[in-house]
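Report on the structure given below.
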Amino acid sequence: MGSHPANLAVRFFLELAALVVMAFWGSRQGAGITRYVFAILVPLAAAALWGTFAVPGDPSRSGSALIAVPGGLRLGIEAAFFTFAVWALYQLGHIALARTMTAVLAVHYAVSYDRLAWLLRS
């Protein structure tokens, strides 16, 4: 179910890249100490949402869920997480990187079609 080690590695690096982008975007918000606070809090909040809400038994994750949610909601959280990262890249002026991230995400989710189907059934 989309859990080939190579696909899981791509997913992991997409998650890390998204968090780095969110930190960089946060650092561009505000001035002085505020920019550092945003650089820490924006990716921290995103990571907290990502890690807290899960579908029990999802093999692309640990299989456990701090707060169990339906698959459709989990898919929405993932979409919001990655959409924010792509939007942040556009806002920062990194259009080519935003397009590249979008393309890699599209391929990743296409390869993970069985996980998508499972999430939508859960």
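The values are calculated or read from the model by the stated rules, or taken from the named source; none is laboratory data. A quick note: this is a predicted structure, and the numbers were derived from the prediction, not measured. Cβ: placed from backbone, ideal geometry, glycine included. Neighbour counts: every protein chain shown. Please note that ligands, DNA and RNA were not included when accessible areas were found on the heavy atoms of the full protein model with its side chains. Shrake-Rupley method; radii C 1.70, N 1.55, O 1.52, S 1.80 Å.
Some notes on this structure:
- Stretchable slack from VAL104 to PHE13, in nm (0.36 nm times residue separation minus alpha-carbon distance): 31.7 nm
- Descending semi-axes in whole angstrom, ellipsoid equivalent of the chain, from the Cα gyration tensor: 27, 17, 11
- Here the label points at HIS4 and ARG121, each 7 Å from Cα along the C-beta direction, are separated by 2.0 nm in the simple model.
- The chain, accessible surface, carbon-and-sulfur percent (1.4 angstrom probe): 74 percent
- Cα pair count fraction exceeding 19 Å, expressed as % - segment 45-98: 35 percent
- Shape class of segment 73-122 from the alpha-carbon gyration tensor: oblate, with a/c at 1.5 or above and b/c at least as large as a/b.
- Solvent-accessible surface of protein heavy atoms, probed at 1.4 angstrom with all chains present, puts VAL37, VAL69 in the order VAL37, VAL69, largest first.
- Segment 69-120-segment 13-65 distance, computed between alpha-carbon centres (Å): 14 Å
- Per residue, the chain exposes an accessible area of 54 Å² to a 1.4 Å probe, with every protein chain left in place.
- Gain in span if fully extended, ALA79 to ARG35, counting 0.36 nm per residue against the direct Cα distance: 13.3 nm
- Phi-based couplings in Hz for segment 108-122 (Karplus 6.51, -1.76, 1.60; Gly and Pro marked x): 4, 5, 5, 5, 8, 4, 5, 5, 4, 4, 4, 4, 5, 7, 6
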